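Participant: Quick one: the structure is below, questions incoming.
The values are calculated or read from the model by the stated rules, or taken from the named source; none is laboratory data. These figures come from a predicted structure and were not determined experimentally. Don't worry about glycine lacking a Cβ; one is built from the backbone with ideal geometry, like all the others, and counts go over all protein chains shown.
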Amino acid sequence: MEKKNSTAYYEIGGYPDCLDDYKVIRFSTMDPQYNILGISVGDDLKKAIQILDERSYKKSEESPSAINRLVFEKAKVNISLTTESSRVTEIAIWLYVTNVENVQF
């Protein structure tokens with residue numbers, strides 16, 4: 001299940017396995033009124049990376065589908081920063097969900 005408006009998106013799914021109780025497993029926004037770990041849309045990229053570094057997030061990859069997207073991870077939590085001109089334009093956070101029962105939908 002997912003919910004969208006013009007500036008925010010969230011997804012509800014089973015966690016930690018796809019068959020478990022439903023929780024919010026993903027949130028993304030382009031709205032500066034929201035923040036994730038103190039990072040908001042419009043923030044300087046260096047400031048955002050410093051915040052993630054201080055919280056032990058490690059850069060995992062640059063998304064091949066979006067040149068200006070950086071992905072950071074810590075345990076089962078992923079955070080991505082989409083940027084333009086060294087400013088955060090979108091921020092997302094999601095949980096890694098398993099499928100231990102090998103359910104096929």
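Participant: Looking at (1) at pLDDT 95 or above; (2) surrounded by 15 or more Cβ atoms within 10 Å (Cβ to Cβ); (3) polar (S, T, N, Q), which is the only condition residue 83 fails?
Facilitator: The single condition residue 83 does not satisfy is (1).
Participant: Quick check: anything in region 33-45 assigned to a strand (DSSP E or B), at pLDDT 90 or above, out of contact with any Leu (no Cβ under 7 Å at 6 or more places or on another chain) and within 27 Å of residue 99 (Cβ to Cβ)?
Facilitator: Restricting attention to region 33-45, the residues satisfying the condition of being assigned to a strand (DSSP E or B) are 35-36, 39-40, 44.
From what's left, at pLDDT 90 or above: 35-36, 39-40, 44.
Filter again for out of contact with any Leu (no Cβ under 7 Å at 6 or more places or on another chain), leaving 35-36, 39-40, 44.
Restricting the remaining residues to those that are within 27 Å of residue 99 (Cβ to Cβ) gives 36.
Taking every residue of region 33-45 in turn, at least one turns out to be assigned to a strand (DSSP E or B), at pLDDT 90 or above, out of contact with any Leu (no Cβ under 7 Å at 6 or more places or on another chain) and within 27 Å of residue 99 (Cβ to Cβ).
Participant: Given the structure, is residue 51 modelled with pLDDT of 90 or more and among the hydrophobic types (A, V, I, L, M, F, W, C)?
Facilitator: Numbers: modelled with pLDDT of 90 or more: yes; among the hydrophobic types (A, V, I, L, M, F, W, C): yes.
Taking the combined requirement at face value, the residue satisfies it.
Participant: Could you list all residues from region 69-91 that are aliphatic (A, V, I, L, M) and under 11 Å from the mean Cα position of the chain (by Cα)?
Facilitator: Filtering region 69-91 down to residues aliphatic (A, V, I, L, M) leaves 70-71, 75, 77, 79, 81, 88, 91.
70, 71, 77, 79, 81, 91, listed by residue number.
Participant: Another question about this same structure. Give me the pairs: first residue in region 37-60 and among the β-branched types (Val, Ile, Thr), second residue surrounded by 14 or more Cβ atoms within 10 Å (Cβ to Cβ) and assigned to a strand (DSSP E or B), beta-carbon distance under 7 Å, and six or more apart or on different chains, which are they?
Facilitator: 39/88; 39/91; 41/29; 41/88; 41/89; 41/90; 41/91; 51/39
Participant: Within the group 3, 23, which residue is surrounded by 12 or more Cβ atoms within 10 Å (Cβ to Cβ), modelled with pLDDT under 90, among the basic types (Lys, Arg) and in a strand (DSSP E or B)? Reasoning before the result, please.
Facilitator: Working: 3 fails: surrounded by 12 or more Cβ atoms within 10 Å (Cβ to Cβ).
Of 3, 23, the one residue that is surrounded by 12 or more Cβ atoms within 10 Å (Cβ to Cβ), modelled with pLDDT under 90, among the basic types (Lys, Arg) and in a strand (DSSP E or B) is 23.
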